[in-house]
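Report on one structure; see the data block that follows.
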Amino acid sequence: MAPTLTSYGSPSVGAIMLRLITFMLLALAALSPRAADDYPEIKWEALVPKDWDPARDLKGLDLATLKDSDPRAMEALQKMKEAWDNAPVEPGLNGKKVRIAGFAIPLERKGDKATEFLLVPYFGACIHSPPPPANQIIHAVAKKAVSGMKSMDTVWVSGTLGLQRANTPWGAAGYRLTVERVTPYEMPKRK
C-alpha cells in the first residue's frame with residue numbers, strides 16, 4: 001500500500017504510522033537473531049588447549065601396580081593435582097562473548113541471591129570429587145545478582161570470558177566470566 005498524500009503533498013498520519021510500525025517490526029526481527037549470535041555457544045572442550053597433556057609427567061608409571069599407601073602413588077597424585085591446578089587456558093578465548101551450559105556452585109550469596117559462582121562441566125565436580133582441571137572451572141561474576149541459585153543447578157550462562165585465574169575453596173578456576181545472563185538449562189529439542 002503506497003502512502004497517500006494529503007492536499008499539502010505530505011504523507012497522511014495513517015501512512016506515517018504504517019511506516020513507523022513496519023520499521024519497528026523490521027528492527028525487532030533484525031535484533032532477535034543477532035541477540036542469540038552475540039553469545040555463541042561453546043563446549044567445554046574449547047576451554048582446553050589442544051596440546052595440553054595432563055598425564056605427561058605420569059608416563060611410564062603403571063598406576064595399576066601401586067597401592068594407595070605407596071609413596072610413588074602419593075607422588076603421582078601430587079603431580080596430577082599440581083598439573084590440574086596449573087592447567088593452561090586457551091588464550092584465543094580472552095575477551096570472547098560465549099554461552100556455555102554447566103553446573104553452578106554459588107560462592108558469594110546475599111540471601112537467596114548469588115553474585116559469584118563457579119561453573120563446572122559435570123555434576124559433583126568440586127563437591128563430591130576432586131576438582132576438575134583449572135581450565136574446566138569458570139569463576140562467574142554476575143553484574144546483577146542471580147536469584148534462587150542452588151548448588152549444582154544446571155544453567156546456561158552468557159557473558160564475556162577472561163583469562164583471570166582464581167583460587168576458591170572448591171578449586172582453582174582458569175577462567176573468569178563476566179556474566180550477562182543466566183537461564184535454566186533445557187535439553188535441546190530433537191529434530
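The values are calculated or read from the model by the stated rules, or taken from the named source; none is laboratory data. Everything numeric here is computed off the predicted structure, so don't read it as measured data. With ideal geometry, Cβ positions are generated from the backbone for all residues, glycine too; neighbour counts draw on all protein chains shown.
Brief remarks on what is shown
- Residue-level check: of (1) part of a loop (DSSP other than H, G, I, E, B); (2) without any contact (Cβ under 8 Å) to a residue 24 or more places away in the chain; (3) within 14 Å of residue 133 (Cβ to Cβ), residue 45 misses just (1).
- The stretch 76-124: number of residues that are surrounded by fewer than 13 Cβ atoms within 10 Å (Cβ to Cβ), more than 19 Å from the chain's Cα centre (by Cα) and either within 14 Å of residue 171 (Cα to Cα) or touching a residue at least 24 places away in the same chain (Cβ under 8 Å) (or both): 3
- Condition broken by residue 187, with the remaining ones in (1) touching a strand residue (DSSP E or B) at 6+ places or on another chain (Cβ under 9 Å); (2) without any contact (Cβ under 8 Å) to a residue 12 or more places away in the chain satisfied: (1)
- Matching option when the condition is in the same structural domain as residue 179 (by TED's automatic domain parsing), within 16 Å of residue 181 (Cα to Cα) and acidic (Asp, Glu), among 108, 116, 75: 116
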